[in-house]
Amino acid sequence: MKELLNRIRSGKLWRYAGGVFPAERKHYSNKTAIGQAIIPEQLVIPVSQHLGESADILVKVGDLVQKGQPLTACNNFRALPVHASSSGTVSAIELRPSCHASGIFEQAIVINTDGLDTWQPRSPRDDISSLDKHQLIDIVHQAGIAGKGGAGFPAHLKLSGKADIEVLIINGIECEPYITSDDVLMREYAQELFQGIEVLEKITQCGQTIIAVEHNKPEAAKALEAFATDTRQVKVVPTKYPTGGEKQLIEVLTGMQVPANGYAIDMGILMHNVGTTLAIKRAVFDDEPLISRIVTLTGQAMLHPGNRHVLLGTPVAFMLQQHQFKPTSQPRVIIGGPMMGFTLPNFNAPVIKTTNCILAPTEAELPLFGKERACIRCGECAEACPVDLLPQQLYWYAKSQDHEKLEEYNLFDCIECGACAYVCPSEIPLVQYYRVGKAEIKTQTVEADKAEVARKRHEARAERLERDKQEREAKHKAAAEKRKAQLQQKSDNTAADTQKDAVAEALARAKQNKASDDDSLDPAAARKLRKEQARAAKAAKQALENEQSQSEAVKEDKAISPVAAAIARAKAKKANNKAEDEDNGKTAAKTSQNPAVAAAIARAKAKKAQANDSETQHESDVADTEQDETAKTHESKASKNTAVAAAIARAKAKKAQANNAQAQAEAEAQQESDVADTEQNETAKTPESKASKNPAVAAAIARAKAKKAQANNAQAEAQQESDFADTEQDETAKTHESKASKNPAVAAAIARAKAKKAQANNAQAEAQQESDVADTEQNETAKTPESKASKNPAVAAAIARAKAKKAQAKGAETQHESDAVDKAENETAKAQESKASNNPAVAAAIAKAKAKKALQQAVKDKAVDDSGHKDKTMAVVKEDVRPKPKSAAVAAAIAKAKAKKAQQQENDH
Ligand code: SF4
Ligand code: SF4
C-alpha cells in the first residue's frame, strides 16, 4: 500500500502497452456550454438501466408523478431504482425499445409530462459530517446512481467493498473520440465535483485522491486544480486511446497492472467517473436522484452539436430532432463513441444512465465497415490491444464458438475498446465477435450453474436416500441380531428344560423300576394291583360313555317329553279316580245299611272303574303305540347311535312301569268288585240260607224275587218314561216330581239317580277335557313326528295307526259310560221299585207312568200314519193326553194283574 501511495505521490506516470490514437473530433461539441434539453412530451423510462437486477414497479398507469419520485423500489441490494425525470402522468407500463445494440424491447414506464417539471419535496444538506458511511451509501443507492463511464455498474456496490481503499481515482480521462461530456462537466461543475469527492472520501476513508485528466482537456484540468490539495491531486495524463480504461489508467498512474480476472479494489484503489461523482454529490447534498445526465450530441449529421442536460427517458429521436439531425441516405446514430459505441437500431430508444453521447456521423465522416475479409494474421490487432490479448485468436475461437478456448484466452479481460478492430486491415468487426462470445459463455454459464444446482440437489437426494437405506439396513440388522439372540436364549432355556424333564423322567422310571422290583417280590399283589388298575380304567371309560349317553338321552327326553307328560297325566287321573273310589267306598259303607243299593253302587263303581281303566288303557295304548312307533323310529336311528338306543331303553322301562301300574290298578279294582260281589252274595245268601230251612219262607223269598224283578222292570220303564219326560215334556216331569214329592222315598231315589247321572256326565266331561288336552298335547307331540314323518313314511304310518286306535278308544269309552249309567239307573230304579212294591201309591204312580208312555207311543204311531192330518190329530192327542184318574186306576189294576201273571209264569218255570 505504501508503495502504491509513493508511486502516486511521486508524480510519475507510466505507459501501458497497446493503444491507438484515433482522430479525437472533440471540438465539435466542447466549444459550447452545457445546455438544457427540452422536456419531451413523453418520457420512456426503462425499469433496468444498469448492470444488474431490476427493481419492482411502484406506480401504475394513471398515477400522477412528480420529478424525482421513485418509480421502482429496490427488492435487493444489487438492484437500482429509477425515478420520474419530470412531473406528469404514467400513461403506460409496457415494453419499449431499449438503448442497446440488440434493440431488444424491455419494460419501461411511460410518463406523459405536464411541462411543469415539478419536483417532489427534497431535503438538501450542506454538511455530511453527521452521516456515516452506511447512510451515505444508502443515499447513493436510493438515488439510483450507476457508473456513467459506460458499464453502468451500481455505484453503491463499489462503495460497499470491504477492502481498504487507499487511493481514490476520479476518472476524467474521456479518451473516446467525439465525447466531451466529462470535459465540460469538469469545466463547469468542478466545485460540485469536489463535493462529490468529499462524499467518496468520507465513505472510503482513503488517504489519496487522484483526479486524472487527459492532456487534451486543459480547461478542465485548470478548473479542477483550483480545488486540488495534497490529498486531492489532479493528474494530467497523455492522450492515448484507451487510457480512460480502469486498468490502463491505474497502470499509467501507478505503473501497476490489475491482475487478470481481478479488480482494482483488490489493490486498494477505487475509481469513479467524474459524472458519477457529480451524481453522488447531488444525491447527498441536493437530495436529487439520478434523473438526468450530460449527453454529447455530436457528429456532422447534427447541425447543432453540443452537450445537454438530458432527462433520462428522453427519446433519442426527440434529441435528434431538437438538434436538427440531418439524416443521410443511410442514417446512422451511434450511442457512445466511434470506438466503443454501438449503432442504435431504433431511434425511439430513450436516453439512459449510461448514455454519454449521441453521435450522428455522416458516411464520409465515419465510413461504415466494409465487407469483412479473412484474417491475414497480420498481428496488428495484438499490438493494439491494451490488455495484451491475442485478438485474432479470440476471433477464431469466437467464430467457431469454442467457448473453452475463449475463456482460456481471457476473453473476459477484453475491455471491448475496439482498438484491435480499429487497426484490423481486414475490417473484421472483432469486438462484435467478442461480445457475442461473451454473451454465449454467460448464457452457458448460467445454464451450467442451474445444472450444477440441480446436480447438487440430485446428489444430495441420492446421498440422503443412501443414508436412509443404510440406516434402515442397520436397523434391520440390529433387529435381526436381537431376534437371533432371543431365539438362542429361548433355545438354551428349552434345552435346559428338556434336560430337567429327562432327569425327571429318569427319576420316574427309576421309581417305577423300584416298584416293579417290589412287585416282583409279591406276584399276587402285583396282579391284584393290575386288576384294580384295569377296573378303574374300565370304570372311567364306562363313566365317560354313560355321560355321553346321558347327554344324548337328555336330548331324546326333550324330544319325547310330550308323550311322557301324557302318561303322567293318565297316571294322575288314575290316582284321582282311585281316591274318588276310596271316597265312594266310604260313602258305600254309609249306604251299606241298604244292601241292594250298596250292591248297585258297587256295580256302578266297578263299571266306572272299568270304563276308567278302559279309558286309561286306551290312553296308555295310544301312548304305547306312539312310544312304540317313536321307539321304532328311534331304534332305527339307535342302530347308528348308541345314545339313542339308551333313550329307547329308558322309554321302554317307563312303559313297563306304566303297564305294571295299570295292572295293579286293575287288580285293585277287581278286588273292590269282588268285595262288592261277596257282600252282595252274602246279603243274598243270608235270606236264602234261612229260607232253605222253611218252605214257606222259601216261597216268600221267591215271591220277593219275583216282585223284585217286577219292580226292576217297572223301574226300568219308569226310567225310560222319565228320560222321555226329561227330553220331551219337562212339564210332565215337573208334575211327576210334584207328585213324587208327596212320597219322600221316591223323590230321594229320583234325586240320587239324577245326581249320579250328572256325576257321570261330569266325569265324562272331565274325561273328555282331559282327553282333549291329551289329544292336543299328543297332536302337538305328533306334529313333530308328523313333520319328521313327512320325511319318513314309517313314522307317518305309526302316527296314523295311533290316531285310529285313539278314535276307537273314544267310541268304546262313550259306549261303556252310557251302558254304565243305564245299568246304574236300572239298578236304582229296581231298588226303588222294590221299595215301591211295598207302597201301593208308588206302584200306582208307576202304573200311571207306564200307561202314559203307552198312550204317547200310540199317539206317535198314529201321527206318523196320519201325517196329512197332523194338526187335527195332535189336537185329538192333546185332548186324549189329559190325565184321566179313572183310566189310571184301571191301568194300575191291569199292571198288577200282569205282574202277578208274570210271577206265576216265573214260578212255573
Ligand atoms: S488485425 Fe485483423 S487481419 Fe490482422 S491479425 Fe488481427 S484480425 Fe487478423
Ligand atoms: S477490443 Fe479487446 S482484444 Fe481488441 S484491442 Fe481492445 S482489449 Fe484488446
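The set of residues in the stretch 340-369 that are within 22 Å of residue 327 (Cβ to Cβ) and either of a type in the set (Val, Ile, Thr) or within 15 Å of ligand 1 (Cβ to nearest atom) (or both) comprises 343, 351, 355, 358, 362, 369. Only one entry of 148, 133 meets the criterion of being basic (Lys, Arg) and surrounded by 22 or more Cβ atoms within 10 Å (Cβ to Cβ), and that entry is 148.
Condition first: within 16 Å of ligand 2 (Cβ to nearest atom) and in contact with a helix residue (DSSP H, G or I) (Cβ under 8 Å, 6 or more places away or on another chain). Can you find one or more residues in the stretch 362-369 that meet it? Break it down into steps so the answer makes sense when it comes.
Within the stretch 362-369, the subset within 16 Å of ligand 2 (Cβ to nearest atom) is 369.
Checking the rest, the ones that are also in contact with a helix residue (DSSP H, G or I) (Cβ under 8 Å, 6 or more places away or on another chain) come to none.
No, the stretch 362-369 contains no residue that is within 16 Å of ligand 2 (Cβ to nearest atom) and in contact with a helix residue (DSSP H, G or I) (Cβ under 8 Å, 6 or more places away or on another chain).
When 383, 416 are checked against the criterion of being under 22 Å from residue 258 (Cβ atoms), among the charged types (D, E, K, R) and within 11 Å of ligand 1 (Cβ to nearest atom), 383 stands alone in meeting it.
Is at least one residue of the stretch 104-115 in a loop (DSSP other than H, G, I, E, B) and surrounded by fewer than 16 Cβ atoms within 10 Å (Cβ to Cβ)?
Let us first name the residues in the stretch 104-115 that are in a loop (DSSP other than H, G, I, E, B), namely 104, 114-115.
Those left that are additionally surrounded by fewer than 16 Cβ atoms within 10 Å (Cβ to Cβ): 104, 115.
Yes: one or more hits.
A Cβ distance below 8 Å, combined with a sequence gap of six or more or placement on separate chains, defines the contacts here; from the stretch 414-441, residues that are within 13 Å of residue 369 (Cβ to Cβ) and assigned by TED's automatic domain parsing to the domain that holds residue 341 reach no residue that is aliphatic (A, V, I, L, M) and more than 8 Å from ligand 1 (Cβ to nearest atom). Sub-7 Å Cβ pairs linking a first residue in the stretch 372-394 that is closer than 28 Å to residue 249 by Cα to a second residue that is among the charged types (D, E, K, R) and near ligand 1 (Cβ under 9 Å from one of its atoms), at least 6 apart or interchain, are 392/377, ordered by first then second residue. Restricted to the stretch 417-445, and to residues there that are more than 10 Å from ligand 2 (Cβ to nearest atom) and assigned to a loop (DSSP other than H, G, I, E, B), the residue that is nearest to the chain's Cα centre (by Cα) is 429.
Among the criteria (1) farther than 17 Å from residue 175 by Cβ; (2) surrounded by 24 or more Cβ atoms within 10 Å (Cβ to Cβ), the one residue 298 does not fulfil is (1).
Do we find that residue 351 is touching a Lys or Arg at 6+ places or on another chain (Cβ under 8 Å) and either without any contact (Cβ under 8 Å) to a residue 12 or more places away in the chain or within 21 Å of residue 440 (Cβ to Cβ) (or both) in this structure? In short, no.
Is it the case, given these coordinates, that residue 380 is within 16 Å of ligand 2 (Cβ to nearest atom) and surrounded by fewer than 20 Cβ atoms within 10 Å (Cβ to Cβ)? Lay out the reasoning, then the answer.
Values: within 16 Å of ligand 2 (Cβ to nearest atom): yes; surrounded by fewer than 20 Cβ atoms within 10 Å (Cβ to Cβ): yes.
Against the criterion (within 16 Å of ligand 2 (Cβ to nearest atom) and surrounded by fewer than 20 Cβ atoms within 10 Å (Cβ to Cβ)), residue 380 qualifies.
Which pairs turn up if I take residues in the stretch 195-223 that are within 12 Å of residue 167 (Cβ to Cβ) and look for partners that are in a strand (DSSP E or B) and hydroxyl-bearing (Ser, Thr, Tyr) with beta carbon separation below 8 Å, at least 6 apart in sequence or on another chain? Final answer for the pair search is 200/209; 201/209.
Look at the stretch 388-414 and say how many of its residues are within 24 Å of residue 152 (Cβ to Cβ), near ligand 2 (Cβ under 10 Å from one of its atoms) and surrounded by 22 or more Cβ atoms within 10 Å (Cβ to Cβ). Here the count works out to 2.
The values are calculated or read from the model by the stated rules, or taken from the named source; none is laboratory data. This one's a predicted model, so the numbers in the text were calculated from it and none came from an experiment. Every residue, glycine among them, receives a Cβ derived from its backbone with ideal geometry; neighbour counts consider all protein chains shown.
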